[in-house]
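Encoded as structure tokens, the structure appears first; notes follow it.
The values are calculated or read from the model by the stated rules, or taken from the named source; none is laboratory data. Being a predicted model, the structure only gives us computed values, none of them experimental. Quick reminder, even Gly has a Cβ in these numbers, built from the backbone with ideal geometry, and neighbours come from all protein chains shown. SASA here: full protein model, heavy atoms, side chains in, ligands and nucleic acids out. Shrake-Rupley method; radii C 1.70, N 1.55, O 1.52, S 1.80 Å.
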Amino acid sequence: MTFLPQWLYNWLGLNFPAQRIPLTVILPLVKSTPLPVLNALYQLQKTRATEDEDVQFLRLILKNLKQLNRCDTSITQREEYNHRLAALFYPLTQVMVGRFGKDGGVPDSQVRAQTLDTLIAICTEFASSYGVIIQYYQQCSRFRYARSLKKLDLAALRLFEFLKMEQSIKGLRYQELSEKSWAMANTLIHILAASERLSVVLKPLDQTYSAERAVATTRAVDVYLSIQMSERLQLSFWPVQWQSWLQRSIGLGDLKIGLSVLSEQTNKSQVSFVYCYDPTPSSFTPKLNKTSVEPLLLQWDQLQQSLTSDFAQVLRSRQSECQVTLSKHLSLFHPNEQLALAQLQFDRFNAYPIRTAAKLDQEKEVPDLRIFIGFKDVFALLRHIASGGTWKPIGQRMTDLLARHSAVFSDDADASVESTWSLRHQDNSLICLSSLESRHTTHMHIGDLAACMLEQSDWHQPKLCVIQRILRPQAGRVYVEMQVLSEQSEAIFFESQVLNQGNLSTDPMPGNELVQAIRGKNANATHLILPRGVRLMSEGQVTMNTKNGMELAQLGHIMSATKSFSMYALRRSRPIRDLHGADRVLA
């Protein structure tokens, strides 16, 4: 037996297995398809000056990428075209994501939806093209494989980056990565682990194609872990404006998780299993492994500790008004938003992967549905119901002139049959509705307060909910998930003198003598809902002006907060009598 020096052994590639993990990418190749000609792209790049020309430019990039992925070309030419097209695509994409990342919900404007869908399609084509490159190198001889490791590293990083970009842009549309994308990502991380390339440091897209260089270098494994973190924190539960903050925090390393092999497992309660070829993100319980490749482990301990600490510190700062130490990303926000953010990330981390409403265990039309969105409209509805008024001053007719759908609420029971909203799930704490989406669909955003009436018996006692999730599982259809806050609700007021006593602080409200609030009740507790900008000191007393008169209530702890309202516990309340011995009643 002949023994080779170690350097020669490695140089020949004999340290790599002869049979490596394959990455299967199937493209619609047509032999007669020529390579794309990029002259028109370069000309438009120089002259484009309007948003319409930007969209035209993106569509032309997509057209050229699709042509490239139909062309039976060499790997060298594919690498060159990927580089040239990415240089044209990436800077404009950052501008588009910044533009459309400022607001989003239901419905999406046609321009926003079409532009983001084009960006998503381009990312998918890039991922497929880089996947073909990796597929080729995985099939090479060991000698050629050893010569091509740098090209493999770059292709792997770019594939993860475009999958990450696709995930981020889909988040703006409240969509999720496909099973195909997850299978590709999970297979690729196993390929890098098997070839011991997880620690390779390269320049990211920002460094290569953009003037904004937040991170100088990165690793492919870091991008993969960021994809996993975004999945666990569930972007479909996040307001669009906060998603970019989350992605940036993860990208800069403010939030972290670890990756290890199975033999390094230490705490099963804080790990999930990543299986090769698996079309799902990861599994928190071991499952049947259909391959000979051992699963990798995601370690969530560090992220859990960071999120738990942030939530506890924010609650402490609100209760005692003292200075606390927060993670860098939370410290940049206003105190009212700090609580909402800390609670959102903590809740989503701990709730994953349980998604009750996603089971969609029924599909029942709700022709009598009425739903009012936003604190202002919900407060007006409750006041209107308390006064015994008719529906005419409150309801709004929502009729889609083209498809006659999306009549979310209407001004009489007969007209509401035009709605095609379906009830997909309902229990004591959750309601999930679905509908075809049109420009007439009622405007909704995550964190909005909602009064929901599913049937006529609810018309005089609506359920008070918060919109906690929006999901578009397929084109044209939208799912809205609402968490039930209270079964009974009442519009109340705080007198302005309470503000001057220091119990309540709010933004200046010139000319207003009363501050609006909503008192809600369910089987277990009573709570107080305040609009954005109004803040109470916990554990104090508040004076409320209700339909039955003046009441003094003992305020408890803050229970939750969103972008549009905050909710406090109410422990006790008792009526207050005026100087004449009679209960004071609000006119």
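Restricting to the stretch 282-309, name every residue that is polar (S, T, N, Q), in contact with a helix residue (DSSP H, G or I) (Cβ under 7 Å, 6 or more places away or on another chain) and either under 19 Å from L252 (Cα atoms) or in a strand (DSSP E or B) (or both).
Our first condition is that a residue be polar (S, T, N, Q); within the stretch 282-309, this holds for 282-283, 285, 289, 291-292, 299, 302, 304-306, 308-309.
Those left that are additionally in contact with a helix residue (DSSP H, G or I) (Cβ under 7 Å, 6 or more places away or on another chain): 282, 299, 304, 308.
Within the stretch 282-309, Q299, Q304 qualify.
Here's the yes/no breakdown for (1) more than 20 Å from M96 (Cβ to Cβ); (2) open to solvent by less than 20 Å² (accessible area, probe 1.4 Å):
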site	(1), (2)
G171	no, yes
Y174	no, yes
A183	yes, no
V240	no, yes
L255	yes, yes
* Asked: What strands (runs of 3 or more DSSP E), lying completely within the stretch 417-502, carry at least 2 residues that are modelled with pLDDT of 85 or more and over 30 Å from E551 (Cβ atoms)?
  -> 422-426, 430-436, 463-474, 477-486
* Please identify the pairs in which a residue from the stretch 1-23 that is on the phi > 0 side of the Ramachandran plot has its Cβ atom under 9 Å from the Cβ atom of a residue that is in a helix (DSSP H, G or I), counting only partners at least 6 apart or on another chain. => G13/R142; G13/F143; G13/R144; G13/Y145; G13/A146; G13/R147
* To do: Please work out which residue is farthest from L296 (Cα to Cα), limiting yourself to the stretch 188-210 and to residues that are assigned to a helix (DSSP H, G or I) and open to solvent by 50 Å² or more (accessible area, probe 1.4 Å).
  => T208
* Matching option when the condition is at pLDDT 65 or above and either surrounded by fewer than 16 Cβ atoms within 10 Å (Cβ to Cβ) or not in a strand (DSSP E or B) (or both), among N545, N512, N524 -> N524
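Okay, residues lined up against (1) at pLDDT 90 or above; (2) among the aliphatic types (A, V, I, L, M); (3) under 17 Å from E125 (Cβ atoms):
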site	(1), (2), (3)
T2	no, no, no
K31	no, no, no
K66	yes, no, yes
T76	yes, no, no
* If you take the residues of the stretch 257-283 that are open to solvent by 30 Å² or more (accessible area, probe 1.4 Å), over 18 Å from L192 (Cβ atoms) and among the β-branched types (V, I, T), which of them is modelled with the lowest pLDDT? -> T266
* **Checklist (1) assigned to a helix (DSSP H, G or I); (2) among the aliphatic types (A, V, I, L, M); (3) without any contact (Cβ under 8 Å) to a residue 24 or more places away in the chain applied to A216, failing item** => (1)
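From Y42, Y9, Y90, which residue is under 35 Å from the mean Cα position of the chain (by Cα) and open to solvent by 60 Å² or more (accessible area, probe 1.4 Å)?
Y42 is the lone residue from the list that is under 35 Å from the mean Cα position of the chain (by Cα) and open to solvent by 60 Å² or more (accessible area, probe 1.4 Å).
Does at least one position in the stretch 69-79 carry a residue that is among the hydroxyl-bearing types (S, T, Y) and either assigned to a loop (DSSP other than H, G, I, E, B) or crowded, with 17+ Cβ neighbours inside 10 Å (or both)? Reasoning before the result, please.
The first filter runs over the stretch 69-79 and keeps only residues among the hydroxyl-bearing types (S, T, Y), leaving 73-74, 76.
From what's left, either assigned to a loop (DSSP other than H, G, I, E, B) or crowded, with 17+ Cβ neighbours inside 10 Å (or both): 73-74.
Yes: the stretch 69-79 contains one or more residues that are among the hydroxyl-bearing types (S, T, Y) and either assigned to a loop (DSSP other than H, G, I, E, B) or crowded, with 17+ Cβ neighbours inside 10 Å (or both).
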* Structure fact -> A407 vs (1) modelled with pLDDT under 85; (2) open to solvent by less than 10 Å² (accessible area, probe 1.4 Å); (3) within 23 Å of the chain's Cα centre (by Cα): all pass except (3)
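Residue by residue, here is whether (1) modelled with pLDDT of 80 or more; (2) within 27 Å of A342 (Cα to Cα) holds:
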residue: L536; (1), (2): no, yes
residue: G556; (1), (2): yes, yes
residue: R571; (1), (2): no, yes
residue: L579; (1), (2): no, no
